Amino acid sequence: MSIINELSEFISNKENHLSKEDLSAAATRAFIDTVGVGLFGTQQEIWSLARKVGEKFYSQEGQSEIWGTQMKTSPSYAAWLNGLAAHAADFDDVNSPMRGHPSTTLVPAALAVAQDVGASGLDTLDAYAVGFEVASRVGELMGYNHYTKGWHPTFTVGVLASCAAAARLLNLSVDQIRYALGIAASLSGGLRLNFGTMTKPLHAGEAAKAGVQAAYMAQVGLTANPDIFSGPLSFFHIFDAEFPDSVEFTPQLGQPWALLNSGIDVKKYPCCYMTHRAIDGCLALATEYNLSPEQVSSVHIETKPGEQSALIYDKPEDGLEGKFSIQYTVASALFDRNISISTFTDEQVQRPEIQQFFSKVTNDQNHPEYEGTHIKITLTDGSSIEKTVEHPRGAPVNPLSNEEIEQKFLDCAIYTMPIDQASKISAKLWNLVEHDEVAIFS
């Protein structure tokens, strides 16, 4: 069976589903985390600028909520603006096989379409799980080559995932889903060179919006190549995937479900996930040895190839660049013994003592034997201390507790609303699986 047929039949078949209990335990956490970081994202400059554009070109009447407001709009505009917000602070979750951020496209897309069609909370969580399956499995097929070429899978793969979630909620037929995926494939893009700029969160918003639009387009009869994933001009070839045509596609969709298998890496820190192991290690060493930055002569970070490929700023000059800098995140961990939302203001990055410390931090990605990140801190007295971190806090095997997820939500939400209102929204999200409809803010 061709790739697109396999995916389309899986998305369409309602017998392919996770149990209510699994959805409640796994998908619900993703909704709470994503809406929370999205609320904080509405306080970022990129969101206010995007909203100005949206009000001019995209806004129209509808039932889909703009997070943190009482406003409702069209599904595509809501998915775009909320997806952008959820990725604006780079605090949203990650999936390793996808090599990107699944929920920042999936949650905005699923909620926007569910609110438009009046779907239940259970159906919305189900659509998320189906989209997550597509994101993870297609990400596996794309492989690491796609990422190293400079593409951003949050957009290139995320648009297919959000399309899958929307198609599930719209009850599209197998043929309609094939067309929807073909349309979505032509709307994908996203360059990693824009990491550390306002355009990176735009990738998530565009992926959510385009996936939603592709599903609605197919619903009314727009067509596309019904086998967009095969042949020399296919999606996989154009985007430099490792998956060759000569290999039979056997993704084992839902066996087991990616949401329960590869799972979700929930971010503890609002910066690129490739920094998190080093942050955890430096924080642990600073605490254990009661280090002051003045005692540190050098910090050397070692990983396997590609583990720091997104960290493109050796000398960041503002908060956005700081999120993609091993030098800055290591320095902040040692100077402040804490990494939080306030770490990534321009003022914090521009501190003279921090800027001077950058030259002490080096990194080496030539260690294929490592499964994690190795940190070696050399002290001014000539001694050294070391630590290896394989699984950062928030990884599926080292997860944040529900209480930590709740606290993260509240820490983000209080930038936009009083704590009692934030708590009410959180309670609604925790119980989403029982709701007959999914209005969150109204």
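Only the coordinates and a few stated rules stand behind these numbers; no lab work does. All values derive from a computational prediction rather than experimental measurement. Neighbour counts are summed over all protein chains in view; Cβ atoms, including those assigned to glycine, are modelled from backbone coordinates with ideal geometry.
Near GLY205, within a Cβ-to-Cβ distance under 13 Å, what is the net charge of the other residues, with Lys and Arg +1 and Asp and Glu -1?
Taking every Cβ under 13 Å from that of GLY205, the sum is +1.
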For Rg and Dmax of the Cα atoms in Å, several values are listed as (i) 21.4, 72; (ii) 21.5, 63; (iii) 24.0, 75; flag the one computed from this structure.
-> (i)
Taking TYR179, TYR144, TYR58, TYR216 and counting other C-beta atoms within 10 Å, the order from fewest to most = TYR144, TYR58, TYR216, TYR179
Lysine pairs in region 273-389 8 or more apart or on different chains: how many have alpha carbons under 12 angstrom apart?
-> 4
Can you tell which of ALA210, ALA25, ALA218 shows the greatest fluctuation in a Gaussian network model of the chain with Cα springs below 10 Å?
-> ALA25
Once phi is turned into θ = phi - 60°, what whole-Hz ³J(HN,Hα) does the Karplus curve with 6.51, -1.76 and 1.60 give for every residue of region 390-396, x standing for Gly and Pro?
-> 8, 10, x, 4, x, 5, x
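Taking each full run of DSSP H in the chain as one helix, which ones are at least 24 Å long along their axis (Cα atoms) and have mean Kyte-Doolittle hydropathy of at least 0.5?
none
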FRET efficiency for THR378 and SER96 from the Cβ-Cβ distance with R0 = 30 Å, rounded to 0.05, comes out at 0.45
Cross-link partners of LYS72 among lysines (Cα-Cα below 22 Å; sequence separation of 8 or more within a chain) | LYS52, LYS56, LYS209, LYS424, LYS428
THR343, THR34 arranged by Cβ crowding within 10 Å, fewest neighbours leading = THR343, THR34
Where Lys and Arg each count +1 and Asp and Glu each count -1, what net charge lies around PHE335 among other residues with Cβ under 15 Å from its Cβ?
-> -1
Can you sort LEU410, LEU193, LEU172 by how many other beta carbons sit within 10 Å, fewest first?
-> LEU193, LEU410, LEU172
Pull up all non-local amide H partners of SER298: gap of 5 or more, or a different chain, and H-to-H distance under 5 Å with H placed in the peptide plane.
-> THR378
If you build the Cα gyration tensor of region 273-389 and take the root of 5 times each eigenvalue, what three semi-axes come out, in whole angstrom, biggest first?
-> 20, 18, 12
Per q in 0.09, 0.10, 0.12 1/Å, what log10 I(q)/I(0) does a Debye calculation on the alpha-carbon atoms of region 216-355 return?
-> -0.48, -0.56, -0.70
Please find, in a Gaussian network model of the chain (springs between Cα atoms separated by less than 10 Å), the residue of GLN60, GLN252, GLN219 whose mean-square fluctuation is greatest.
-> GLN252
Considering region 331-389, what Rg and Dmax in Å follow from its alpha-carbon atoms?
-> 13.8, 38
Sorted by chain and number, the residues with a modelled amide H under 5 Å from that of SER64, at a separation of 5 or more or across chains, are THR73
Rounded, prolate or oblate (a/c below 1.5 giving rounded, otherwise prolate when a/b exceeds b/c) for region 7-162 by Cα gyration tensor | oblate
Note, region 298-314: 3J(HN,Hα) by Karplus (6.51, -1.76, 1.60, θ = phi - 60°), whole Hz, Gly/Pro = x, goes 7, 10, 10, 10, 10, 9, 6, x, x, 6, 10, 5, 7, 8, 9, 10, 6
Report the normalised scattering of region 135-208 as log10 I(q)/I(0) at q = 0.11, 0.24, 0.28 Å⁻¹, calculated by the Debye formula with identical scatterers on the alpha carbons.
-> -0.28, -1.07, -1.27
Using the Kirkwood radius built from alpha carbon pairs, what does the Stokes-Einstein equation give as D for region 150-267 at 25 °C and 0.890 mPa s, in µm² per second?
-> 161
A correct Kirkwood calculation over the Cα atoms of region 341-442 returns a hydrodynamic radius in Å of 18.4
